[in-house]
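Okay, so here's the structure we're looking at.
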Amino acid sequence: MFQIVLDQAQKEELGKDIYTTVTNAINKARQEEQHAKPYLNKKEMAQWLGVSVDTVNKFIHNGLPVANIGGMKLIGKETTIKFLKEHEEFL
């Protein structure tokens, strides 16, 4: 068996690298989890679409269906894609 000896600067650098790796893995897992959910709230839908919550509200005002269950409002990904496709046009 062998032993690796690091000086303080190397320990700090290794610690930073490990922290960055773990943080990136957690963020990636969170993003993948969000993409796995078939229904999202307005904020999540805005992030998924890459638009603002105000834009999602405009979509809703223009007919995007929302599931309202006990006051919880959720928007389906498939429904949103269908809604957007129905509003596609040539400019």
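The values are calculated or read from the model by the stated rules, or taken from the named source; none is laboratory data. Just so it is clear, the model here is predicted, and its values are computed rather than measured. Cβ placement follows ideal geometry from the backbone for every residue including glycine, while neighbour counts extend to all protein chains displayed. Areas reflect the complete protein model, heavy atoms only, side chains present, ligands, DNA and RNA absent. Shrake-Rupley method; radii C 1.70, N 1.55, O 1.52, S 1.80 Å.
Yes/no matrix, rows are residues, columns are (1) surrounded by 14 or more Cβ atoms within 10 Å (Cβ to Cβ); (2) of a type in the set (S, T, N, Q); (3) in a helix (DSSP H, G or I); (4) under 18 Å from the mean Cα position of the chain (by Cα):
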site: L14; (1), (2), (3), (4): no, no, yes, no
site: D17; (1), (2), (3), (4): no, no, yes, no
site: T23; (1), (2), (3), (4): no, yes, yes, yes
site: E44; (1), (2), (3), (4): yes, no, yes, yes
site: W48; (1), (2), (3), (4): yes, no, yes, yes
site: D54; (1), (2), (3), (4): no, no, yes, yes
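Could we say that Q31 is within 10 Å of the chain's Cα centre (by Cα), within 21 Å of N68 (Cα to Cα) and either open to solvent by 80 Å² or more (accessible area, probe 1.4 Å) or among the small types (G, A, S) (or both) here? Give the steps one after another, and end with the answer.
Numbers: within 10 Å of the chain's Cα centre (by Cα): yes; within 21 Å of N68 (Cα to Cα): no; either open to solvent by 80 Å² or more (accessible area, probe 1.4 Å) or among the small types (G, A, S) (or both): yes.
For Q31, the condition - within 10 Å of the chain's Cα centre (by Cα), within 21 Å of N68 (Cα to Cα) and either open to solvent by 80 Å² or more (accessible area, probe 1.4 Å) or among the small types (G, A, S) (or both) - is not met.
Can you pull out every residue in the range 1-38 that is basic (K, R), closer than 30 Å to K77 by Cα and modelled with pLDDT under 85? Outline the logic, then answer.
Quick first cut of the range 1-38, residues basic (K, R) only: 11, 16, 28, 30, 37.
After this cut, where a residue has to be closer than 30 Å to K77 by Cα as well, the list is 28, 30, 37.
Once the filter is applied, which keeps residues that are basic (K, R), closer than 30 Å to K77 by Cα and modelled with pLDDT under 85, the range 1-38 yields K28, R30.
Pick from N27, N57, N41: which is polar (S, T, N, Q) and touching a residue at least 24 places away in the same chain (Cβ under 8 Å)?
Numbers: N27 fails: touching a residue at least 24 places away in the same chain (Cβ under 8 Å); N57 fails: touching a residue at least 24 places away in the same chain (Cβ under 8 Å).
None of the other options fit; the residue is N41.
Within the range 74-88, how many residues are surrounded by 11 or more Cβ atoms within 10 Å (Cβ to Cβ), among the basic types (K, R) and farther than 16 Å from Q47 by Cα?
Looking only at that region, the number is 1.
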